[in-house]
Each structure stands twice: as C-alpha cells, then as structure tokens.
1. Only one of these is in contact (Cβ under 8 Å) with a residue 60 or more places away in the chain and not assigned by TED's automatic domain parsing to the domain that holds residue B:150: B:78, B:31. Name it.
2. Anything in the range A:15-26 that is more than 7 Å from chain B (Cβ to nearest Cβ), closer than 21 Å to residue A:86 by Cβ and buried (at least 16 other Cβ atoms within 10 Å of the Cβ)? List them, or say none.
3. Which condition does residue B:100 not pass, out of (1) in contact with a helix residue (DSSP H, G or I) (Cβ under 9 Å, 6 or more places away or on another chain); (2) in the same structural domain as residue B:136 (by TED's automatic domain parsing); (3) surrounded by fewer than 19 Cβ atoms within 10 Å (Cβ to Cβ), if it passes all the others?
4. Going residue by residue through the range A:344-353, is there one that turns out to be in contact (Cβ under 8 Å) with a residue 12 or more places away in the chain and farther than 24 Å from residue A:36 by Cα?
5. What single numbered condition from (1) out of contact with any helix residue (DSSP H, G or I) (no Cβ under 7 Å at 6 or more places or on another chain); (2) in contact (Cβ under 8 Å) with a residue 40 or more places away in the chain; (3) more than 9 Å from every other protein chain (Cβ to nearest Cβ); (4) under 27 Å from residue B:228 (Cα atoms) fails to hold for residue B:73?
6. Which residues, taken from the range A:218-251, are without any contact (Cβ under 8 Å) to a residue 60 or more places away in the chain and not in a helix (DSSP H, G or I)?
7. Please state which of the following conditions residue A:193 fails to meet, knowing it meets all the rest: (1) farther than 27 Å from residue B:9 by Cα; (2) assigned to a loop (DSSP other than H, G, I, E, B); (3) touching a helix residue (DSSP H, G or I) at 6+ places or on another chain (Cβ under 7 Å).
8. Is at least one residue of the range B:341-351 in contact with a helix residue (DSSP H, G or I) (Cβ under 6 Å, 6 or more places away or on another chain), part of a loop (DSSP other than H, G, I, E, B) and assigned by TED's automatic domain parsing to the domain that holds residue B:285?
C-alpha cells in the first residue's frame, strides 16, 4: 500500500550532482565557486555566540534583506530571503500556480523546473532553444497562447551559459500575461557591461528576479538566496507560504557579511572569467565545440573524430576522480558540462582529457 | 491585479510569536529552551573550516541521520532530516495529501496545522478536545468517517501540555485509515517513565513521528528536525518532494553533535521539569487554573476574582518586557501560555503577575 499522491508516485525526483567525499576529487560537476567565501566570514563564525542558538532566528531575515536592498537599490519589501534559489522557485509555484495550471520553460533548462511542476501537479509547456541556445522570437506569444501561468527562464542559461540582455527581458516581461521568473543564479559571472534584470522590477508587476549566494559568493554550503520583485509578489511568499522560520541564525549572518564584502566577491568573479576563457581556448584547441558562456561552466561537445561518447568521457574522468556533469537527453547527450575550477584543477582536467582522447582516436 | 492563487489570497498566514530585540526582554512566548545548547557545539563552531562553505552540503544529511537512527534504534532509512519540524509537516502534506482531500486535527492544536492545509487547498476536519485536553474516544472513527487522508496530533499537546501514552497512540494508528503524524516537538520534557511513540513505527505503516531539535536540544536557531517512520513514508519525502539541499553544512554538524550529547540535553530537561513544577505551584497559589503539563509551557487560566482579562494581562506583561503568548479563540481567550524559563525569569514573571493582579482585584 502506498500513501503517496498519484503525481508524487509517478515522478522520480531531482537528481543532484554527485558529492564525492574523497579528498583528491576534482569537483567540476555542480557549478560551485572554487574560491572560498569572504575571509571576514571566518571571524564571524569564530566569534559567534553559540549560546544564543536556543532562540528562534528572525523569521524575515530583516538584516540580510536590508543589505540586499541596499546592494540593488530597491525597497526591503521588494526582497524575500530564501534557502538558496531552489526554495524561492518552489515558493513561487506554491503561491502563484494552481495544480493543473501550466508552467512554461525552455528546453533544455535547469532540470529542477519540471520536477517542481510535477510536485505541484502542473503540466509543463516547453519551447526549444535556437541553435545558439537563445529563446526563439515567438517565446512570449507561444507562452500566452498556451495559457501559461508562470514562465521560468534561467539567465545566464544552464547548461549552455548563453545570456539574454536586460532589454530582451524587458520585452518578454511586457509581452507575457504570466509571471516571469528570471533565475540569475549565475549572473555574477557575466562579462563586464552585461546587466542583471533587477533594474526592471519597478516597471513590471509580473517580474521576479532570483539571486543565489551559492555560486557568486561561494556559499553553496549555507543555502541562501533571495527574490527581488514587486511587493505584491514578494509579500504573500514572505507572510503566507514560506516556512515561518526558513533561515537559521548563522546562515543569515554569514550571507549578510558576504553581500557586504562586494570587493572580495568581485575578485573571485574576475578570476573565474579568466579561468573560463583559458579553459574554453584549451578545449577548443582539442576540437571541442563550446557556445560562448557567461556562467561559471562550459558546455562542451565531444569532437567527432574520437571514438568516445560524452558519457564515456564523463565515466573515464570519473574513474580518475574528476567529476563533470552529463545529461542523458537528446540534445545534451553528446556534451559534458564542466564547472570552471581553480587554474590547477582546470589544468588537470585538460591534461586528463587530452590523455583519454589520445587513446581513442 | 493579483497573481496569487485563490486559496493563498484568502488566507492570512501563520502568526509566529513576537521576537523582541531588547536585551532586557524576558522571552516566555515561543517555547524555547532557556538553557544554551551543548557546550561541545561552541568548539565545532570555532574550529569550523569556513573555506569549505563553497561546496554544497550532503543533500541527505547522512551523518546526522546515522546519529538519529542510533539514538532511536531504527534504520537510517526510517529517518528523514528536515528544517525543523515545520518543514517535515509541510512535506508530509505535499507528499501525501491531494488538494481537496481532508486533513484531520484536534481543536485546539498547533496553530500551524490549519495554515498548511490552506496552502495545499485542503479542507480541515477538527474534533474538540475533552475538558481535560485529551482526545475523545471516538477520534479514529470520526476521522475515518470524514475520509481524512492525514491526521495531525501534537503530543505533548500544544498549548495545554496534555500527553497521550504510547498505548493510546498504538490504538489510534491501528484504527485510522489515514496517515497519523505524532508531533513530538515537546516530548523531551515528559515525566520519567512516559514514552515517545517512535517504538511503534515498525508496527504501523501509517505512522510518522516528528522530532525537533528546537526545544529539547536548545537549537531553535539552527532549524533542525526529523521524521521517523516506515521507509515507504520517508523515502518519497527524502528523494522527491524536499528541496534537494534543504539543510546547510553547519546546521547538520551542530545538530549531530547535539544529538550525541544526550547527557547534557537530559540535564536541561530535568531542570525544566523542576522549573515547571515550581512555576505551576506558584501560579496556582495565585488562583490560576492549569492543566497538568508534560511540555515546557503552562496554559494558565486567569482567575475570575480579578477584573483583568487574559489579553490585558498579556499586554501588561508585555509593557514590562515580559513576553507570553495569548491566542484569541473561544476556548483559549481567557488563558495565557507561558514557556518555562530560567528560575530567575520565572520568578520575575511570578512577581510581576502578582503586582499586576494586586492592582486589579
């Protein structure tokens, strides 16, 4: 006998990237920032008064939201603080999409989105990205014609790294009848001169921008993210649908500190861009095809001359304790997604791929 | 224009107890444990390698679940780790109750339960507790007749502190057609000889026992709890419906340490029982009526001879920076719920109530 709801029974859940425990492992599979977080955090952790952990945390994370609102020049009520970006995505679905209503997304996209739709028992409408991993021009019209209640875009795109500029997001938000979520989990890594869409929230009552501290601030370990949007969208999440005390005392403190140390975070972003360029050049030199990426990962198509599939390459790297990501879908199965690591990690990856390919030509 | 779902639009959300910021405040309103957590935790916090926060935490919290499974002598797959008990409650609803299906509970009960039903768009069936704050004998039959899909019991009961023994839970689980959740958030404070219902999970495929580290382990600040139940109930929560990385690195470590330091936690439970008895005697001496409580709070009915309502008493205490809880419902409005604090806090509460009442007789 199973007590599961029918929609839960038939789904299989989100498959997160492997978390190898070995000390020697080179972990380029879950898009973590390879640099440690701001050194100020260590002081806070070390001087933290643990005896106060008996008290509940601030349910609204006001001090953190205050820091985020200053950073983005918006009102504190335009911010909701969540356990990573993932909790925000779930809460947006819970708050705004009835079971049976349609959720729109691109194909491919962040593989959590369809899982969240399944949990809420919502059908999914997908639209295929162009050859250059961009949204087709009829995106908004198509979503409207399908009566989509919520459209989810990850920008920079995962797993390709392509990027839509703010004026394109502006057009989409204007045309769409639904809520538009722009998931900017990777936006900190875009080239200088490219912009976040947060500046658009005052223009569009249907726009929510998602931010995460997991990648840009090297804090995947504490689970902090936030949403930025019109107060009418943020308030029901903050006051009705989120768990009352969703963020613990320590994570709130660490996240606030990280946001306030922009100078340090920016240094890691500059390094990662540099490392990304170098990795891209070296992979291309070996014959890989790679679209231009504005994120901290590269989507690399295994070159045809080699008698090795992307999955085999993934497996052979894994045997050597180098972890990358492989997605077994028609459009992605001949590719591997590689997170940009430290220079020495990237070099070992390149050398290892080189030696694997040498035996398979 | 509102994008909220109709059920979300009409609900008002869970009202959590006030979190006063003043240093002088005596906080007896949210059932926190007044003692600090295990002193071992401070060492972990101080020696924690913050530079590893760039990595995602273990999505399953295996090391914590291992500790919990040893403590309760169950298999690790009988455990799911969650952000406090509240996340477990939400996940149980999400996983097992379709929108429109009925959720059963007592009246009164933990005020979050009906809020979770509203979010999932589920009707609620309530059954009034007896005069002694116990469930009526026809509880299971009534819930079955109402076709309830999930029955939620908090045991020890909130806000009265009454307690159902394991043999009574055994009977209920056997009779009920639905899942039965026994929310043991306060079970660590029961008198010696009274038992948790965890021992029953191997007998009942429909039983989930909820545990929290917020109260018993003085860790409300880190948000850790867990569910114990048959693997068929735990697995879909762990692998399908919970957010992939729901628990951060630091909370997982602290919670594991706290569970392993049973000797320290037990000392705080003994102290709280002693403080509870003293507070009960002194309030009764002033004329308050109080049911026997197995939790870390007392539900005190304001004595009739005084020309002051429970709400007025709550307000007057609040003006003096002593925070207790008042619920404005027919059965609770002439009562205040007081968390058991440190001896000196309790004494100040008693003295202050005494002086307030002296002016109102």
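1. B:31
2. Listed by number, the list holds a single entry, A:17.
3. Among (1) in contact with a helix residue (DSSP H, G or I) (Cβ under 9 Å, 6 or more places away or on another chain); (2) in the same structural domain as residue B:136 (by TED's automatic domain parsing); (3) surrounded by fewer than 19 Cβ atoms within 10 Å (Cβ to Cβ), residue B:100 violates only (1).
4. Going residue by residue through the range A:344-353, those that are in contact (Cβ under 8 Å) with a residue 12 or more places away in the chain are A:345-346, A:348-350, A:352-353.
When the remaining residues are screened for being farther than 24 Å from residue A:36 by Cα, the result is A:352-353.
The answer is yes, given that some residue of the range A:344-353 is in contact (Cβ under 8 Å) with a residue 12 or more places away in the chain and farther than 24 Å from residue A:36 by Cα.
5. (2)
6. A:243
7. Condition not satisfied by residue A:193: (3).
8. no
The values are calculated or read from the model by the stated rules, or taken from the named source; none is laboratory data. Everything numeric here is computed off the predicted structure, so don't read it as measured data. A quick note on method: Cβ atoms are made from the backbone with ideal geometry, for glycine too, and the neighbour counts reach across all protein chains shown.
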